[in-house]
Structures are given as C-alpha cells and as structure tokens.
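Trainee: Take a look at the following structure, please.
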Amino acid sequence: MRILHVLDHSIPLHSGYTFRTAAILREQARLGWETHHLTSPKQGTCKLAVETVDGLVFHRTPVPTAAWSGKPLLGELELMRQIERRLDELIVELKPQVLHAHSPVLNAIPAIRAARRHGLPVVYEVRAFWEDAAVDHGTTHEGSLRYRATRALETWAFKRVDHVTCICEGLRADIVARGIPSERVTVIPNAVDAEAFTAGAAPDLALKGQLGLEGAEVLGFIGSFYAYEGLDLLLEALPAILKRRPNARVLLVGGGPQDANLKQQVAAMGLQEKVVFTGRVPHEDVGRYYDLVDVLVYPRHPMRLTELVTPLKPLEAMAQQRVFVASDVGGHRELVRDGETGVLFRAGNAVALADAAARLLAEPERWPLIKAAGRRFVERERTWRNSVARYQSIYTRLIGEAVRA
C-alpha cells in the first residue's frame with residue numbers, strides 16, 4: 001500500500017501532534033506499507049523541499065507570503081492553494097493509492113479537491129476540532145460566526161471524504177452526531193511505544209539542588225503551557241496543598257502562550273519560593289526533570305476540547321510508571337482508571353485538586369500499585385502496534401473500491 005499523508009507540521013518541531021505522527025509513520029513502515037509525507041506551510045520556512053528527519057522523509061510546502069499577512073481568510077485560502085499545488089505534483093510523482101489528511105480541516109480540503117482530480121480515496125484524521133482549538137487560543141468563542149463557520153467547514157469535509165478516523169470516542173460521538181454514518185468513523189487511539197519507555201531513575205541530586213528542590217515533595221508538569229492545561233488551577237490550589245504538605249513545591253518545565261500569565265500569578269500570590277520555572281529544556285534532558293517529580297499534575301480545564309480529546313501525557317506517564325493526578329474531564333476519564341492507574345479530581349475545582357494532590361503525596365505506599373497498573377494498561381491496550389493495525393481494513397477497503405471504480 002502507498003499512502004500519502006498530509007500533515008500540519010512534523011518533526012523536527014516538537015509537539016504532541018508531531019510525536020503521534022512519527023509513531024504512526026514508523027509503525028506503518030514496520031507493517032511494510034510505503035508512506036510519503038507532505039507538511040503544510042505551517043511547518044515554517046525550510047531550506048530543502050525534501051527533508052529527512054530521524055529516518056522519515058518529509059516533502060515541504062513553501063510558505064506563502066499572503067498566509068502571514070494578518071488577513072486570516074485570505075491567508076488560509078492561500079495556504080490551502082499551496083498545499084493543493086504540492087499534492088498535484090506529488091500524486092503524479094509518487095502515485096499514492098490513498099490520501100490521508102490529518103487535522104486541521106485546512107489539510108482535508110486540499111486533499112479532497114486533489115483526490116477528485118486524480119481519482120483517489122481520502123481518509124481524514126481528526127485529532128481535535130479546529131473550532132475548539134481556536135477557542136482556547138482566544139481567536140474566537142463558542143457561538144460566534146467564525147466558530148459556527150469553522151464547525152460547518154469541518155462537517156462539510158466529513159461528508160465528502162471516504163473515511164474519518166479520530167483519536168478517541170469523544171470525538172467519534174460528536175462526528176457521528178453530525179450525520180456521518182458510524183461505520184465510516186474509526187477510532188485510532190493515542191498510544192505509546194511501551195518498549196521505548198522505562199521506569200524513572202533516581203533523581204539527579206545535582207540538578208535537584210540547582211533548582212532548589214532539596215528535601216521537597218515535587219508536584220510537576222512538563223509540556224506546553226496552554227490555557228486549557230489548567231496550570232493556573234494548580235497554582236490556585238498550591239496554598240491549600242502547602243497547609244497540609246509544607247515541603248511541597250511545583251516544578252513547571254516548558255513554556256508556551258501562558259508562560260507570562262503563570263509567572264504573574266505566582267508573583268501576585270507570593271509563591272516565588274514555592275514554584276520553579278525551568279523554561280524549555282532539550283528533549284534529551286526531559287527524563288532528568290521527570291525524575292525529580294514525585295506526583296505529576298494534569299489539571300485540564302473543563303471545555304469542549306478537553307472533554308472530547310484524549311491527551312498523550314497520561315499515557316506516557318503510565319508507560320514510565322509514574323503517579324499522577326488529573327482532572328476528570330472526558331479526555332482523561334477515557335484513559336485513566338481512578339484510584340487504579342491514576343487519581344482523578346473534579347475538573348475546575350482547586351479544593352478538589354489540592355485534596356487529591358496532598359493525599360497522594362501523603363500515601364507513597366500506594367505508588368507501586370498505581371505504577372504497575374498503569375504500565376499494564378498501556379502494554380495491553382495502548383501500544384502503537386495495536387492502534388495502527390486499525391488502519392489496515394480502512395486502507396484495504398478504500399483501495400479495493402477505487403480499483404473497482
């Protein structure tokens with residue numbers, strides 16, 4: 001099978017999106033499928049039209065000047081035109097049997113148009129709804145004209161592709177509710193390469209001392225600081241945690257849109273001595289920072305995005321045999337067995353977060369059981385081998401239908 005994937009962005013950029021993509025592509029290669037990969041202009045300016053990163057070959061799309069002109073509609077139209085031009089070139093050159101467009105819908109529309117011209121089937125993979133991501137980024141709000149138009153565009157694409165895949169049951173239910181036949185929507189769940197993750201090592205005492213965490217019970221978050229992650233709620237809960245666990249400290253590793261707001265919040269609460277911001281760290285050093293954390297915290301706020309979409313972080317934590325507390329949004333409930341593989345608390349409630357975190361810090365005797373249960377869960381149910389195998393029947397059916405047509 002020859003599959004041409006159409007992607008928003010890819011490695012060497014680091015995000016949950018790029019890590020999921022790389023895992024899917026490597027597993028498809030292991031299955032013996034021939035895959036090709038095109039990234040959108042949102043990859044940024046690249047020196048080469050074709051680039052090899054970690055053994056994967058990516059075709060790049062030039063960045064159109066108009067896409068960054070400050071005129072969103074015109075920029076997005078030009079971005080899609082650029083993707084469509086590159087697809088026409090690559091379809092002729094590579095002769096794929098299936099086009100597989102990944103979120104957002106700006107990739108699906110050019111794929112649909114190019115596929116019609118070349119007689120190819122299209123799979124559209126949804127990792128989150130574009131309109132809900134825009135709400136978190138502050139570019140629109142639920143119920144606005146832009147929100148409704150974007151949602152309508154997603155639905156338009158669902159009805160015109162040959163199959164829809166998505167990363168979790170929450171998204172699938174929403175897509176089916178839009179009138180898409182259930183047999184045309186398949187969940188390819190987020191997963192991990194369990195063999196690539198090992199149990200955490202002993203803390204690096206020199207690093208711990210450098211960060212001022214000697215003798216501390218460390219609550220931590222490692223990743224991008226987006227508003228939906230709820231890190232402001234963790235800071236709001238910290239005074240109550242400190243009343244019960246005076247040696248508790250919060251370690252925030254990473255950066256992002258909320259970085260300045262979080263630092264302002266810490267200053268306003270007078271918690272500068274209790275919260276450590278490291279900034280972004282090299283990918284190869286991330287494990288050293290994980291090893292400093294006693295309890296990871298995933299306090300996502302309740303909203304459509306977090307209720308519908310399952311994140312990767314809790315799965316990675318389970319694979320590494322780490323303990324964590326997480327809000328009970330729908331995306332977490334789909335992954336976490338409360339009290340068994342992790343601990344859930346009422347989303348948006350700082351008191352509930354403080355209670356869950358303080359109790360887990362006070363009960364280290366529970367940690368080995370939680371760690372072992374989490375590892376068993378990912379090994380049995382959430383490996384990339386199991387997830388990617390679900391594409392087999394979809395691709396085979398679509399290629400067969402295209403040949404018969």
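The values are calculated or read from the model by the stated rules, or taken from the named source; none is laboratory data. Since this is a predicted model, take the numbers as computed values, not measurements. Reconstructed Cβ throughout: ideal geometry from the backbone, glycine too, with neighbour counts over all protein chains shown.
Trainee: Go through segment 305-387 and tell me which helices (runs of 4 or more DSSP H), entirely inside it, have 2 or more residues that are of a type in the set (Gly, Ala, Ser) and without any contact (Cβ under 8 Å) to a residue 60 or more places away in the chain. Please lay out each step first, then the result.
Mentor: Details: elements: 313-319, 330-333, 350-362, 367-381.
Hits in segment 305-387: 350-362, 367-381.
Trainee: I'd like to know if segment 195-207 contains one or more residues that are part of a helix (DSSP H, G or I), under 19 Å from the mean Cα position of the chain (by Cα) and surrounded by fewer than 20 Cβ atoms within 10 Å (Cβ to Cβ). Talk me through it step by step, then tell me what you get.
Mentor: Just the residues of segment 195-207 that are part of a helix (DSSP H, G or I), to begin with: 195-196, 205-207.
Narrowing further to those that are under 19 Å from the mean Cα position of the chain (by Cα): 196.
Add one more test, that the residue is surrounded by fewer than 20 Cβ atoms within 10 Å (Cβ to Cβ), and what stays is 196.
Yes: one or more hits.
Trainee: Please state which one of Glu363, Glu316, Glu340, Glu381 is within 28 Å of Trp33 (Cβ to Cβ) and surrounded by fewer than 19 Cβ atoms within 10 Å (Cβ to Cβ). Show your work before the answer.
Mentor: Working: Glu363 fails: within 28 Å of Trp33 (Cβ to Cβ); Glu316 fails: surrounded by fewer than 19 Cβ atoms within 10 Å (Cβ to Cβ); Glu340 fails: within 28 Å of Trp33 (Cβ to Cβ).
Unique residue meeting the criteria: Glu381.
Trainee: Using the structure shown, decide if Pro302 is out of contact with any Phe, Trp or Tyr (no Cβ under 9 Å at 6 or more places or on another chain), of a type outside the set (Val, Ile, Thr), farther than 24 Å from Arg244 by Cβ and not in a helix (DSSP H, G or I).
Mentor: Working: out of contact with any Phe, Trp or Tyr (no Cβ under 9 Å at 6 or more places or on another chain): yes; of a type outside the set (Val, Ile, Thr): yes; farther than 24 Å from Arg244 by Cβ: yes; not in a helix (DSSP H, G or I): yes.
Yes; evaluated as a whole, the condition is true for this residue.
Trainee: Next question, about the same structure. If you check Ala227 against the conditions, is it in the same structural domain as Gly330 (by TED's automatic domain parsing), farther than 27 Å from Gly200 by Cα, touching a residue at least 60 places away in the same chain (Cβ under 8 Å) and among the small types (Gly, Ala, Ser)?
Mentor: Values: in the same structural domain as Gly330 (by TED's automatic domain parsing): yes; farther than 27 Å from Gly200 by Cα: yes; touching a residue at least 60 places away in the same chain (Cβ under 8 Å): yes; among the small types (Gly, Ala, Ser): yes.
Spelling it out, Ala227 is indeed in the same structural domain as Gly330 (by TED's automatic domain parsing), farther than 27 Å from Gly200 by Cα, touching a residue at least 60 places away in the same chain (Cβ under 8 Å) and among the small types (Gly, Ala, Ser).
Trainee: Output the number of residues of segment 239-266 satisfying the condition of being out of contact with any Gly (no Cβ under 8 Å at 6 or more places or on another chain) and farther than 29 Å from His14 by Cα.
Mentor: 9
Trainee: Let me ask another. Please verify whether segment 241-259 includes one or more residues that are in a helix (DSSP H, G or I), under 25 Å from Leu344 (Cβ atoms) and among the β-branched types (Val, Ile, Thr).
Mentor: If we filter segment 241-259 for residues that are in a helix (DSSP H, G or I), which is where we start, we get 241-244, 259.
Checking which are under 25 Å from Leu344 (Cβ atoms) leaves us with 241-244.
Those still in the list that are among the β-branched types (Val, Ile, Thr) too: 241.
Scanning segment 241-259 turns up at least one residue that is in a helix (DSSP H, G or I), under 25 Å from Leu344 (Cβ atoms) and among the β-branched types (Val, Ile, Thr).
Trainee: Separate question: Going through segment 241-273 one residue at a time, which ones are over 21 Å from Val329 (Cβ atoms), aliphatic (A, V, I, L, M) and in contact (Cβ under 8 Å) with a residue 60 or more places away in the chain?
Mentor: Ala248, the sole residue that qualifies.
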